[in-house]
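The values are calculated or read from the model by the stated rules, or taken from the named source; none is laboratory data. All of these numbers come straight from a predicted model, not from anything done at the bench. When the accessible area is computed, the model is the full protein with side chains, heavy atoms only, and any ligands, DNA or RNA have been set aside. Shrake-Rupley method; radii C 1.70, N 1.55, O 1.52, S 1.80 Å.
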Amino acid sequence: MKHFHSLLAVVSAACTLVSATPVQTSSFSTSNPFKDHSFFISPRYREEALQASVTFAKQGKWDFANRATYIATKVGSFVWVADNAAVPSVTDWLKEASLIEKVTGKKQVVEIQVYNLPDRDCSAKSSGGELSYADGGEAKYEAYIQAIVAQIKKFPDIRIGE
């Protein structure tokens, strides 16, 4: 029932926006917002790919080793914030992205996947969430999001994708 009321509030708000007096449309850019940017590589993903590269090299599987090295160093990946314990990592990732920008001159896009919705059960550890509406989950989720936002605001030059 709680979800129904939330959905009803969202639909009501959307209807209000749709029925509001039209505003002037502003022009928008059709340029590529990612031009001259590189996608940040998750440090965890990079480490796993580099370890795979070493394993493949030890097995004499040079093609696979080279592919894993390429992925570890050239293919951007999302960083995951799945619970409150991961929130401090956002600052670490953004610091690293900022350092990469300073060293390489290549602007970074840090793609962040945020989970932890209250009562969300996807049957997966990383997306199952730790919050419950019965235990003040809505307020805790708001605080969780605000903690992430506060860290992002410390790095205004880093582009964020979600």
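Solvent-accessible surface (1.4 Å probe) assigned to residue 67 amounts to roughly 130 Å².
Each of 69, 104 has its accessible area taken with a 1.4 Å probe; listed largest first, they run 104, 69. Rg of the Cα atoms in the stretch 39-142, relative to 2.2 N^0.38 Å, amounts to 1.35.
Note on residue 133: accessible area approximately 60 square angstrom, rounded to 10, probe 1.4 Å, nucleic acids and ligands left out.
One way to sum up the overall shape of the stretch 82-162 is the equivalent ellipsoid from its Cα gyration tensor, whose semi-axes run 29, 13, 9 Å, largest first. The accessible-area ordering, largest first, of the residues 103, 110, 149 stands as 103, 149, 110, per a 1.4 angstrom probe.
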